[in-house]
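The block underneath contains the structure these notes are about, expressed in structure tokens.
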Amino acid sequence: MGTFPLLRYGLLIVLMASPALARDEAEKLTIRTLKVPAHPGQEAPSIYVSWQVVTALRFEKEVDPEKTKFLAWEGRFETPLVGGKKVVLEPLRDLDDGEALPLLVTLVDGTEFTFLVKPKRREDWGWIDYQVNVFKDHDSYNEILSSLYDSLNRERKLSEENERFKKEENSVDHAYAILLANGQVKKTPFRRVRFWRSKNEDMDTRVEVFEGPGKAAVVIHLKNTYYGESWKLDGAYLTRDFTSYTARPFALRMDRNEIAPGQSGKIAVVVDKSAFQTDQGQLADLALQIFRGDGLLQVAVAMDHTLVRQ
């Protein structure tokens with residue numbers, strides 16, 4: 001599925017490296033278990049990397065350096081380190097959106113693995129693979145143990161999300177978001193001030209921007225015209241601008257969990273005035289970014305602080 005260009009402004013997103021950013025990156029490093037598809041015809045698994053972060057792939061058996069190939073890595077990565085049961089990748093720069101470099105790993109017993117090395121995901125502001133434990137034998141002790149740790153991590157995250165959802169259920173902003181997602185704009189204090197539409201080969205997108213007393217809102221209408229797979233939300237982020245890592249609070253509601261080919265869905269976002277305020281008490285513009293299931297940007301909306309009526 002193709003990506004949707006930035007709306008309203010043509011912006012180039014540039015991330016400046018700094019010690020603070022490096023610390024933020026370190027908190028998002030992921031160790032995960034990867035079970036290789038049983039059927040060779042399935043899509044190659046993805047490995048997510050980032051500049052200044054070393055990514056290690058760990059296998060059950062020794063890797064054959066002579067038959068392990070990383071295509072088009074020159075200028076993008078340090079020379080890959082292949083030895084023992086590991087393959088280590090170190091990017092020289094961040095990969096561009098849409099880049100996917102094929103990596104073929106062959107074990108000494110002849111088992112072959114194919115991966116696509118891609119830029120970091122945008123889930124929680126950057127899913128980066130720090131270590132990937134790759135398994136072919138789904139019944140091995142190590143695979144079961146690694147899967148157990150994955151399950152425990154997922155359970156912890158779900159518990160944290162459930163706690164957050166309980167708090168959100170009682171908020172006014174989430175109540176407004178539910179009404180907007182259900183098409184009941186007249187029951188909210190919002191007034192539409194901007195509207196635009198764009199289409200590409202796989203998505204028909206309409207965006208409505210609303211102003212309100214002490215709040216602002218955006219409703220995104222998506223029609224999946226790609227007859228191949230369902231559209232899923234990977235993450236939504238509200239920041240000071242399109243290059244900031246400082247997230248601002250907001251309420252979000254979708255009218256369906258995923259959008260199947262041929263179906264339409266809505267995403268409603270409500271932002272309180274406090275999210276627009278700087279430390280000095282002034283109002284600043286915000287940027288809303290919506291990422292789809294594969295981690296690529298789907299929609300970006302600039303939210304002017306004047307949307308908040310006094």
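The sole residue among GLY214, GLY262 that is at positive phi, touching a residue at least 12 places away in the same chain (Cβ under 8 Å) and touching a helix residue (DSSP H, G or I) at 6+ places or on another chain (Cβ under 6 Å) is GLY214. Which count do you get for residues in segment 48-95 that are outside any loop (DSSP other than H, G, I, E, B) and open to solvent by less than 80 Å² (accessible area, probe 1.4 Å)? Total meeting the criteria: 15. Among the residues of segment 93-115, those identified as free of Cβ contacts under 8 Å to residues at least 40 places away in the same chain and more than 24 Å from LYS35 (Cβ to Cβ) are ASP96, GLU99.
Only residues that are open to solvent by less than 40 Å² (accessible area, probe 1.4 Å) and farther than 30 Å from GLU201 by Cβ: list them for segment 268-281, please.
Quick first cut of segment 268-281, residues open to solvent by less than 40 Å² (accessible area, probe 1.4 Å) only: 268-271, 275-276, 278.
Within segment 268-281, VAL270, VAL271, ALA275, PHE276, THR278 meet the criteria.
Contact annotation: no residue pair with Cβ atoms under 9 Å, 6 or more positions apart or on different chains, pairs a residue in segment 53-67 that is without any contact (Cβ under 8 Å) to a residue 40 or more places away in the chain and on the phi > 0 side of the Ramachandran plot with a partner that is open to solvent by 20 Å² or more (accessible area, probe 1.4 Å) and part of a loop (DSSP other than H, G, I, E, B). Scanning segment 208-267 for residues that are of a type in the set (Asp, Glu), surrounded by fewer than 18 Cβ atoms within 10 Å (Cβ to Cβ) and over 19 Å from the mean Cα position of the chain (by Cα) yields a count of 1.
The values are calculated or read from the model by the stated rules, or taken from the named source; none is laboratory data. The structure displayed is predicted, hence computed values, not measured ones. Glycine also receives a Cβ, built like all others from the backbone with ideal geometry; neighbour counts cover every protein chain displayed. Accessible surface areas use protein heavy atoms only, side chains included; no ligands, DNA or RNA. Shrake-Rupley method; radii C 1.70, N 1.55, O 1.52, S 1.80 Å.
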